[in-house]
Amino acid sequence: MRSFIFTLGFHEDHVIRRLHIHNALPEDFIVLFTVSPISPSVRRAFEGVRSYTLRTGLREPKLVEVPMNSPDGIFTVVNSLRDVPRPLIVDVSGGMRFLGLFILISLLFMAEDVDIYLQPEGGEVQEIYIPKELFEFMRRPLSNNELEILNVVSEHPGITIEELARSIGKSEKTVRNSIVRLRKLLVVQKGRYAGLYPTKWVKVVTNLRPKHEEELIQTP
């Protein structure tokens, strides 16, 4: 069981697309946030979503009105998300921009791990995807030991765990434990011949600028 969370404006295409891509199931929850008061155009978009869920046998969607001020708007989002099933799949492609911001702030307050999607208007720009691992990093930043390891991997892409342990003067067990978390955070991946490589997220979660940026691995 999952919960699909959306921001809703005048169009429902992104909602239907996300439900289809992720193979929404009858037991999944669907929650849509929109600006209060609800306009006729938003109401029509919601009815479009509702019609789709009826045709496909999905759960009845819930429409939540969000005040255009904080903290009331953020409180509304937090209160609405508190009891829905996990994991959360969030798409903030529709509606006014502040809705997406309110949802992001609410998720940070609630210490949630979620996948967030955003399809920019026009369709010419590739969909933006923010992985749930980034929220883990926000809650618990890298330790000095992890930063040291990441720095060496960034400077020497392809380095092995054995070489890395010798380089920083730590045991292989200590290095392996740190690599487990760095891989979970999507900043390090294993490449060919068990070598370690930095990913493109290195530049986001740290101030590191790897010398060999062409060797950065693209994560999903």
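The table for this structure:
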item: Helices (runs of 4 or more DSSP H) wholly inside segment 47-148 that include at least 2 residues being surrounded by 11 or more Cβ atoms within 10 Å (Cβ to Cβ) and hydroxyl-bearing (Ser, Thr, Tyr); result: 72-81
item: Residue that is surrounded by 15 or more Cβ atoms within 10 Å (Cβ to Cβ), among the small types (Gly, Ala, Ser), in contact with a His (Cβ under 9 Å, 6 or more places away or on another chain) and closer than 26 Å to Ile130 by Cα, where the choices are Ser154, Ser178; result: Ser154
item: Test result for Arg55, more than 15 Å from the chain's Cα centre (by Cα) and free of Cβ contacts under 8 Å to residues at least 24 places away in the same chain; result: yes
item: Top-ranked residue in segment 1-46 [being in contact with a helix residue (DSSP H, G or I) (Cβ under 7 Å, 6 or more places away or on another chain) and assigned to a helix (DSSP H, G or I); ranked as surrounded by the fewest Cβ atoms within 10 Å (Cβ to Cβ)]; result: Ile16
item: Neighbours by Cβ (under 6 Å, 6+ apart or cross-chain): first from segment 4-29, of a type in the set (Asp, Glu); second surrounded by fewer than 19 Cβ atoms within 10 Å (Cβ to Cβ); result: Glu12/Gly48; Glu27/Met1; Asp28/Arg2
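No lab work stands behind these numbers, since they all come straight from the coordinates. On a predicted model such as this, the values are computed, not experimentally measured, just so you know. All Cβ positions, even for glycine, are placed from backbone atoms using ideal geometry, and neighbour counts span all protein chains on display.
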